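Presented below is the structure to which this report refers.
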Amino acid sequence: MQRTTKDVDLFLASIEGDRGEDLRTLDEAIVERMPRAERHLYEGRFWGGSDQRIVGYGTMDYMNRSGEQVEWFVVGLAEQKNYISMYVNAVKDGRYLLREYENRLGKAKVGSAAISFAKLDDVAADVLMELVEEADSLC
């Protein structure tokens with residue numbers, strides 16, 4: 001997966017329907033809560049082997065699976081086939097920050113550093129933005 005120079009706003013505008021609207025709403029809220037963070041579109045093959053496009057906010061150094069130090073996003077936002085994914089790569093006290101919030105997020109599937117939900121109304125948006133703000137403060 002590589003960071004591109006493609007226009008994030010054009011990418012988000014190309015996503016139709018309710019999911020596109022939810023992604024644009026989330027994008028606006030993330031930008032508001034991470035005012036110093038650069039925003040980039042990442043494209044390519046993701047860890048699970050699928051081709052992805054992820055809007056990344058902020059940057060951090062990250063050690064990938066092959067042991068290579070790479071620049072990565074702090075928070076990421078992606079449209080999947082049936083849901084929206086949000087990635088939060090910030091770590092606090094040796095574990096992914098998302099774990100501190102997982103029980104307060106609402107109707108969502110939560111992994112180590114990813115949260116997936118069908119629509120924005122399914123999650124506690126205020127808690128999600130609290131998570132984004134803390135992630136920004138840690139990186």
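Under the rule of -39500 (n - 2.57) per DSSP H run of 4 or more residues, summed and divided by the residues of the chain, what mean residue ellipticity at 222 nm is obtained, to the nearest 500 deg cm²/dmol?
Numbers: 4 runs with 41 residues, N = 139.
Dividing the helical sum by the residues of the chain leaves -8500 deg cm²/dmol.
Taking a probe of 1.4 angstrom, what is the accessible area of SER66 in Å², to the nearest 10?
100 Å²
Just the C-alpha atoms of the chain: what Rg/Rh do they give, with Rh taken as the Kirkwood radius? Working shown, then result.
Values: Rg = 14.0 Å, Rh = 15.1 Å.
My calculation of the ratio gives 0.92.
With a probe of 1.4 Å, find how much accessible area the chain has per residue, and write the answer as a whole number in Å².
Values: 7790 Å² over 139 residues.
Here the residues of the chain average 56 Å² of exposed surface.
Find the lysine pairs in the chain meeting two conditions, Cα atoms under 17 Å apart and a separation of 8 or more places or different chains, and report how many there are. Don't skip to the answer; put the middle values down first.
Values: LYS81/LYS109; LYS81/LYS119; LYS107/LYS119; LYS109/LYS119.
Lysine pairs meeting both conditions in the chain amount to 4.
Round to a whole number: what % of the accessible area of the chain belongs to carbon and sulfur, probe 1.4 Å? Spell out each step's value before the answer.
Details: 3320 of 7790 Å².
Reported share for carbon and sulfur atoms: 43 percent.
Testing the spin-label approximation: label points 7 Å from Cα along Cα→Cβ at THR5 and GLU133. State their distance in nm.
Here the modelled spin labels are 3.6 nm apart.
About the Cα centre, and with charges only on the beta carbon of Lys, Arg (+1) and Asp, Glu (-1), how big is the dipole of the chain? Nearest 20 debye, please. Spell out each step's value before the answer.
Numbers: 18 positive and 26 negative charges, 105 e Å.
My answer is approximately 500 debye.
The values are calculated or read from the model by the stated rules, or taken from the named source; none is laboratory data. Everything quoted here is computed from the prediction, not taken from an experiment. Glycine also receives a Cβ, built like all others from the backbone with ideal geometry; neighbour counts cover every protein chain displayed. Note: accessible area is taken over every heavy atom of the protein model, side chains too, but ligands, DNA and RNA are not part of it. Shrake-Rupley method; radii C 1.70, N 1.55, O 1.52, S 1.80 Å.
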